[in-house]
Amino acid sequence: MASKPVTYEQIVEKVRKTFENADAREVFEHVAIEVDIVGEGAGAFYFEVAQRACTVEPYNYYNHDGRIIATADVILKLAAKKIKMRDAWQKGLLRYEGNEVKFQLLLDKIKVP
């Protein structure tokens, strides 16, 4: 039996539920990363850290520090905490373009409950 296709809205909501409660107390600067979903559920949303809190919104962030490009499957595995972002990046499951220092903040300083 084939699984039901996932929508862009479902992806954003799952990511929001996971990452808006993330601990960003160790991030003292603004970070804005656009996430581009390719394939099923395609679309863009942004992940922002401002005032040491995380926000996920279903919009393009044109003045972003970088972009994460991945499939819905990878994004959903990150949201479900089945894979860590560093592991997905190192295995080539997601691509990052942009400010490497800001990306390292996400990899090293954001703690997901």
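Helix-only mean residue ellipticity at 222 nm, the chain, DSSP H runs n ≥ 4 weighted -39,500 (n - 2.57), per residue, nearest 500. What is it?
-9000 deg cm²/dmol
Which of (1) 22, 14, 14; (2) 24, 20, 11; (3) 18, 16, 13 is the computed semi-axes √(5λ) of the Cα gyration tensor in Å for the structure on display? From the options (1) 22, 14, 14; (2) 24, 20, 11; (3) 18, 16, 13, the structure gives (1).
Restricting the trypsin sites (Lys or Arg not before Pro) of the range 60-113 to loop positions (DSSP other than H, G, I, E, B) with no more than 15 neighbouring Cβ atoms within 10 Å leaves Lys81, Lys82, Lys84, Lys91.
A simple spin-label model places the labels of Thr71 and Glu29 3.4 nm from each other, with each point 7 Å out along Cα-to-Cβ.
Of the GluC sites (Glu not before Pro) found in the range 25-113, those that fall in a DSSP loop while having at most 15 other beta-carbon atoms within 10 Å are Glu26, Glu29, Glu40. How about the range 41-84: which chymotrypsin sites (Phe, Trp or Tyr not before Pro) there are in a DSSP loop, with at most 12 other Cβ atoms within 10 Å of their Cβ? Hits after loop and neighbour filter: Tyr59, Tyr62. What is the Cα centroid distance between the range 32-74 and the range 99-113, reported in whole angstrom? A separation of 14 Å, based on Cα centres.
Within the straight-line cut-off of under 15 Å between alpha carbons, the aspartates and glutamates reachable from Lys82 are Asp73, sequence neighbours fewer than 8 places apart in one chain being disregarded.
FYI, it's all coordinate maths here, none of it is from the lab. All of these numbers come straight from a predicted model, not from anything done at the bench. Please note: Cβ atoms are built from the backbone with ideal geometry, for glycine as well, and neighbour counts cover all protein chains shown.
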